[in-house]
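Reading through the structure tokens given below for one structure.
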Amino acid sequence: MPGLPTPIDTDGGVGADTLPPSDPLHEVVQDYPTHSLPLKAHPVSFLREMLDEGGTRTAAALQDEAQCPNEERVSIAGMVLVRQRPATARGIIFSKLEDEAGTSNPVVHPKTFERHRAIARHGVLLLVHGEVDRAGEVMHVVVDRFESRNGAAAGMQSGPRDFH
């Protein structure tokens, strides 16, 4: 009948088994609008080779004090999960970034925030540079510079939760 879809022929005709494979990054981008998380791979994993070449640490490496001792200069990258500026924190912004290895906790002082306001406020995928600040089991990265990597996160509409 005209206008009806052709049934899929499972005996060698045109069907789903003959479609070209999809790009893994495209699949991850498609997961975000409906699931708010990646189902197959983390977006940062697609940048990891380039990030490693630039000396960017993973969240797991940050947890290891031998690899990232107190006051060490580091770069980290990740999807912004949360940004918050509690009224009692004198303008300091606490955030949480997620990469394929876990989460990290960048801390941004007001002057740094103002200097990088657009990226710091609206970035979805960030590369941040700063200094490790350890106090016992608590570890932060005190940020002094931001870079946006939003191009790599294009289409991931589930953005961070901002509490200002």
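The table for this structure:
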{"read-out": "Matching residues, segment 28-56, being at pLDDT 60 or above and in a loop (DSSP other than H, G, I, E, B)", "value": "40, 41, 42, 47, 54, 55, 56"}
{"read-out": "Filtered residues of segment 93-112 (kept if touching a strand residue (DSSP E or B) at 6+ places or on another chain (Cβ under 6 Å) and not polar (S, T, N, Q))", "value": "93, 94, 96, 97, 98, 99, 106, 107, 108"}
{"read-out": "Test: residue in segment 97-109 that is farther than 23 Å from residue 49 by Cβ, over 18 Å from the mean Cα position of the chain (by Cα) and free of Cβ contacts under 8 Å to residues at least 60 places away in the same chain", "value": "yes"}
{"read-out": "Residue in segment 73-88 that is more than 15 Å from residue 128 (Cα to Cα), at pLDDT below 90, among the aliphatic types (A, V, I, L, M) and open to solvent by 10 Å² or more (accessible area, probe 1.4 Å) present", "value": "yes"}
{"read-out": "Options 137, 114, 147: the member that is open to solvent by 50 Å² or more (accessible area, probe 1.4 Å) and modelled with pLDDT of 90 or more", "value": "114"}
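The values are calculated or read from the model by the stated rules, or taken from the named source; none is laboratory data. On a predicted model such as this, the values are computed, not experimentally measured, just so you know. Here the Cβ is made from the backbone with ideal geometry for all residues, glycine too, and neighbour counts use every protein chain on show. Note: accessible area is taken over every heavy atom of the protein model, side chains too, but ligands, DNA and RNA are not part of it. Shrake-Rupley method; radii C 1.70, N 1.55, O 1.52, S 1.80 Å.
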